[in-house]
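Comments concern the structure below.
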Amino acid sequence: MPGARRISILGSTGSIGRNALDIIARKPADFKVTALASRSDWQTMASQARQYKPALVAVYQENAASRLRDQLRGSGIEVVEGVDGILEAASLDEADVVISAIVGAAGVMPTYAAVQSGKIVALANKEALVAAGRLITEEAQRTGARIIPVDSEHSALFQALMGQDRSAARKVILTASGGPFLGRNRVDLAGVTPAMALNHPRWKMGPKVTIDSATMMNKGLEIIEARWIFDIPADRIEVLIHPQSIVHGMVEYQDGSVMAQMGVTDMRIPIAFALSYPERLDMGLEPLDLASVGRLDFHAPDLEMFPCLGLAYRALKLGNGIPAVMNAANEVAVESFLSGKLAFNGIADVVRAVMDEPPEFDDKTLSGILRGDQLARAAARRITEMMESE
Ligand code: MG
């Protein structure tokens, strides 16, 4: 590539952040790290900072930031903290690309800040577009920021749309592995433990995304993301269960042609594509061997078994802040499930209950949406506590 791209990574200690750094280490002539940001894991941040030598490191938690500052004393690397520190890392002038990979609603403000500064935003955080899709995409149009999806399904759709007339696309199809509970029924799922749900058959991901995959809320969030990334209405976004996870997404055109993107289940492929777009890098990864995969299966998702998927379609159709409410309720419910308090099937029940009586807030501003997020969390906590004690 012409000159090294300067990369800031928000969420550098998580699964996406580590994979991104692995790509950067493989391609030192193509990429340079400008800033790293993370919530609290200062030990990992310290070793990442020593290896990649960013100008700035941001840590959300104050205590962790001061530990890291001690570690990096004399290195010339500046350590900043809190929300302001994360936002500084998101908008540094020196960066060309910002990888937005902070999990959950905590990633909304930093993503907005990166878009506001007109960066190329390699977007892995789902919640930013789910909660504030209209605001963020309108701001991107204003500043010229380019959002390139990192999520494998959206990367696939992005690639299947490249060089095509978008108005000729009839629908987009997101594939889903079906998670660890494919083929079971809702009664089987009543006794699912966090350990069972965390055991994803195809992808290695962080705990929040893995639980969302098991409930299929992950695919629900992805439907809403797709609506904003590709400016396509809900009724033209479909989901297909595809247990092998080889085809990541497809675009059906009006002439009947379907363009699909395929690849092994390695997140480094979509991450690298977002970093090097429109170029493609040789990272020395294992190639796709279709002969050994043998067969590709597809079938329609079971909405009774995975009610979260239906809830996400409902949220997208309702709009008016309901996707932000759904997302907040889901985050609270997933945390409660992971801590062993809420039953697996309770996750959808909590989300539905909060969506049925949503808090009122202004969804036209970022501060309004963040307030709605807080109100929905409080409602979800009340409902979760009631269900935990049952
Ligand atoms: Mg995905």
Just checking, does segment 139-154 include any residue being under 21 Å from residue 274 (Cβ atoms), acidic (Asp, Glu), more than 13 Å from the chain's Cα centre (by Cα) and modelled with pLDDT of 95 or more?
yes
Can you pull out the residues in segment 262-302 that are farther than 21 Å from residue 99 by Cα and of a type in the set (S, T, N, Q)?
292
Test set (1) closer than 24 Å to residue 327 by Cβ; (2) within 16 Å of the ligand (Cβ to nearest atom); (3) at pLDDT below 95 - residue 173 fails condition number:
(3)
Just to verify a result, which residue in segment 284-310, among those that are in contact (Cβ under 8 Å) with a residue 12 or more places away in the chain and among the aliphatic types (A, V, I, L, M), is surrounded by the fewest Cβ atoms within 10 Å (Cβ to Cβ)?
300
Tell me, yes or no, whether segment 204-222 has at least one residue that is over 22 Å from residue 15 (Cα atoms) and open to solvent by less than 30 Å² (accessible area, probe 1.4 Å).
no
Restricted to segment 1-59 and to residues being assigned to a loop (DSSP other than H, G, I, E, B) and of a type in the set (A, V, I, L, M, F, W, C), the residue most open to solvent (accessible area, probe 1.4 Å) is 29
Output yes when any residue across segment 96-107 is at positive phi and within 16 Å of the ligand (Cβ to nearest atom), and no when none is.
yes
Let me confirm something: among 182, 157, 174, which residue is in contact with a Lys or Arg (Cβ under 7 Å, 6 or more places away or on another chain) and either surrounded by 15 or more Cβ atoms within 10 Å (Cβ to Cβ) or not assigned by TED's automatic domain parsing to the domain that holds residue 372 (or both)?
174
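Okay, residues lined up against (1) assigned by TED's automatic domain parsing to the domain that holds residue 176; (2) aliphatic (A, V, I, L, M):
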residue	(1), (2)
210	yes, no
217	yes, yes
228	yes, no
250	yes, yes
254	yes, no
260	yes, yes
272	no, yes
280	no, no
Would you check which residues across segment 144-170 are within 16 Å of the ligand (Cβ to nearest atom) and of a type in the set (A, V, I, L, M, F, W, C) and list them?
147, 148, 150, 156, 157, 158, 160
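The values are calculated or read from the model by the stated rules, or taken from the named source; none is laboratory data. Here the structure is a predicted model, which means the values were calculated and not measured. Neighbour counts run over all protein chains shown; Cβ positions are idealised from the backbone, glycine included. With ligands, DNA and RNA removed, areas are computed over all heavy atoms of the protein, side chains included. Shrake-Rupley method; radii C 1.70, N 1.55, O 1.52, S 1.80 Å.
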